[in-house]
Every structure is written in structure tokens, then in C-alpha cells.
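See below for the structure under consideration.
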Amino acid sequence: MVKNDENSGVFMAVNNKILIVGATGFLGRTLCDLVPDEWTCVPASRTGGGHTPINLTDASSVASAVMAVRPRWVINTAAMTSVDGCERDPDMAYAVHVDGTQHLVRACEIADCGLVTLSTNYVFDGEGGMYDENDEAHPPNVYGQSKLDGEAVVAQANCPGIVIRTAVLYGHRAACRPNFVTWAMGALEKGEAIRVVNDEWANPTYVDDLALFVFGLCHSDFQGLVHFGGRDFFTRYEMVERLCAVFGYDFGLVTPVTSAEFDQPAKRPLRAGLCSNLAARLSDVKPIGFDESLVEIQKTYY
């Protein structure tokens, strides 16, 4: 890709490469699938499989991957996504979310490129949502605290840095582990009874919307922290109620329970929705409604 310098009349090469870290994961695969024509997507993952190899916990591996590609942007979607797993193994959570982010920042500083990293609504305790970017974070668990500490690393970086907080990411990508929505769909389709919490509110985020928003920010001059959440504010129980209405599943298979009844190792925030007013000013990407997204999922799920 080239651009014309109108002052000199000289055509100059423009770096249009984006290194997607965590390309085998849910968001990583979506970014690779939806990359706009003007960008060249370079997938990177710990498992390889034809991707640029990268291990976030190994500084030399991160440096080698970034320097080999020398992208315009690195998008870090890699994470230890099990909230309870982070509670059981905090050392690994911090190694991935904090040390790994530090390794990426150092590599991006050397390679003179920008870094986009994904964070979570779980940096908030859920006592006062909806939350905007100016609200003080109080993580209720190791997952949220380690992601918040990773955010601080990006904020102090000497390279362009963007942190995007999102919530309850869902959608459908073949070969990816189930997310909350596809897990519920799979169980209900087989006629299995499920228990779903009815006291955790958030605005679930359609993964395709988030991917397009990320690419849009890569075209902007924005740096800093931004929230991007879905249009609708639901409990997970209400999400499944909508699933049953749209797909015709038996809602009688769904039993509402409280978060406390699950007795999970990590405490969950109960009202941790994200206010996305800043995102709306930064981008033309507007989240579609939950029911509308389910119709989109239906096109590829069956």
C-alpha cells in the first residue's frame, strides 16, 4: 500500500501490517476473518500452526515475533480467559496479563509500532455500573486485577497505546471454544437442562462488532482507554430467555440461580455494564441489538 506526499510528489510505502496476537482465540480468529482490505493481517499464536510463533511469557519470543513482522499495529487478544483459573493460578494470570503486556510494550517501542490490548469490565466491582472510562476501578478478583495492572503498563508505554475494555464477548467462530451464548445454544439444542445466573448484569458484546471497532481505531489518532460494550443491558438469564425466543428452544430447561449459589472461586461483579459513549464518538461502528446478532449467528451456526 502506498500514499502520495502532495508536497514532494513522492510515493512512500505505508506499513499496513497488523500482528494479531492470540490468533487462534475467539477474538483473534474474528479479527483475522474480518480484516479490511487495506490491512495485511499477520496471525501469531503460541501453538503455531502456520502462524508467527509467540509466547507472551517469554520476552525473547515476543521480541522476535514483533521484529520479524515490524507491523504498524500489534493487537493483543491473548489472555487467560478462565476467571476461576486465574483465581487458582494467580502467578500465571500475572505472567500473561502483566508480564506479557510488558514484553509487548518493549517490543513495540523498539519496532516503532502501536499496541492495542483488550481488557475487561471485570476491573469493576459491580457496585455502581454502568461504568465509563473515568470511573475508578476496583477489581473483585485476580482476573480483573491482573488485567488492570496490564492496562497500567500500556498507559506508561513510549509507543502508541490503546486499551479497549469490553464485556461478555459472544458470537460464533468455527473451531473456537464455546462462549456463553454458543454454550447455551449447544446445551438447549440437545434438550439439556442448564442453570444460569439471574443477578449478574452486563452489556454482552457481539464479537464481530468489536473486531470492526478495533480496526477502526487503528485508522484513528486515538490513544488511551475506551469502553466498547453491546447495546443491551441484560442478566445472563435474560440472554438465554432471548435465545429461546429467537431459536425456539425450550425455556423450561433453564433454571435461574444466583451467583452465590454457584460457589465459584472468583467473585463476579453483579452490575458491571460499560458505558460506550466515547466509543460512539470515536467510531462509526454501532453495536447491533442482541436479537439481531442472534440472527447473524444463526447463519453460520447450523
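Rule-based calculations on the coordinates, nothing more; no lab input. What you see is a predicted model, and the numbers here were worked out from it, not measured in a lab. Cβ coordinates were reconstructed from backbone atoms using ideal geometry, including for glycine residues, and neighbour counts include every protein chain displayed.
For a test of the definition: using alpha carbon positions, the gyration tensor, and the 1.5 limit on a/c, classify segment 223-269 as rounded, prolate or oblate. Note, shape of segment 223-269 comes out oblate. The alpha carbon gyration tensor of segment 54-100 gives principal lengths a ≥ b ≥ c with a/c of 1.5 or higher and a/b greater than b/c, which makes the shape prolate. From least to most packed, judged by other beta carbons within 10 angstrom and beginning with the fewest, Ser276, Ser82, Ser220 follow the order Ser220, Ser82, Ser276. Helix 290-301 axis versus longest C-alpha principal axis of the chain: approximately 80°, rounded to the nearest ten. For the chain, what is the relative contact order in percent, using Cα pairs closer than 8 Å and at least 6 residues apart in sequence? Computed value for the chain: 18 percent relative contact order. The GluC sites (Glu not before Pro) found in segment 133-191 that occupy coil by DSSP, while having at most 11 further C-beta atoms within 10 Å, are Glu136.
All other residues whose Cβ lies under 14 angstrom from that of Gln298 are scored, Lys and Arg at +1 and Asp and Glu at -1, for a net of -3.
Taking amide H as placed 1.01 Å from N in the peptide plane, Val196 has its amide H under 5 Å from the amide H of Thr255, Val257, each at least 5 places away in sequence or on another chain.
Close amide-amide hydrogen proximity is noted between Gly114 and Trp73, Val74, each under 5 Å apart and 5 or more residues distant or on a separate chain (H modeled in the peptide plane; Pro and chain starts excluded). Based on the convex hull around the alpha carbon atoms, the chain presents an average projected area of 16.2 nm².
Between helix 236-247 and the chain there is an angle of about 90 degrees, using the helix long axis and the longest principal axis of the Cα atoms.
Between the Cα long axis of helix 180-189 and the first principal axis of the chain there is an angle of about 40°, rounded to the nearest 10.
The order of Trp39, Trp183, going from fewest to most other C-beta atoms within 10 Å of their C-beta, is Trp183, Trp39. By other beta-carbon atoms within 10 Å, ranking Val83, Val207, Val35 with the fewest at the front produces Val35, Val83, Val207. Annotation: the antiparallel percentage among DSSP beta bridges lying fully within the chain is about 15.
Whole-Hz Karplus values for segment 71-87 come out as x, 7, 9, 10, 10, 9, 9, 6, 6, 8, 7, 6, 4, 6, x, 5, 5 Hz, taken residue by residue from phi with 6.51 cos²θ - 1.76 cosθ + 1.60 and θ = phi - 60°; glycine and proline positions read x. Each label point was placed 7 Å from the Cα along the Cα-to-Cβ direction; for Phe251 and Asp291 their separation is 1.2 nm.
Need one word for segment 80-157: rounded, prolate or oblate. Basis is the Cα gyration tensor (sqrt eigenvalues a ≥ b ≥ c); a/c below 1.5 gives rounded, then a/b vs b/c decides. Verdict is oblate for segment 80-157.
Taking amide H as placed 1.01 Å from N in the peptide plane, the amide H of Trp201 sits under 5 Å from that of Arg271, Ala272, each at least 5 places away or on another chain. The phi-based Karplus calculation (6.51 cos²θ - 1.76 cosθ + 1.60; θ = phi - 60°) puts the 3J(HN,Hα) values of segment 267-279 at 6, 9, x, 8, 10, 10, x, 10, 7, 10, 4, 5, 4 Hz, whole numbers, x for Gly and Pro. Over the Cα atoms of segment 190-302, the radius of gyration divided by the Kirkwood radius equals 1.03; this is the Rg/Rh ratio.
In straight-distance terms, cross-link reach from Lys267 covers every one of the aspartates and glutamates whose alpha-carbon lies under 12 Å from its own, apart from those fewer than eight places away in the same chain; here that gives Asp84, Glu87, Asp125, Glu200.
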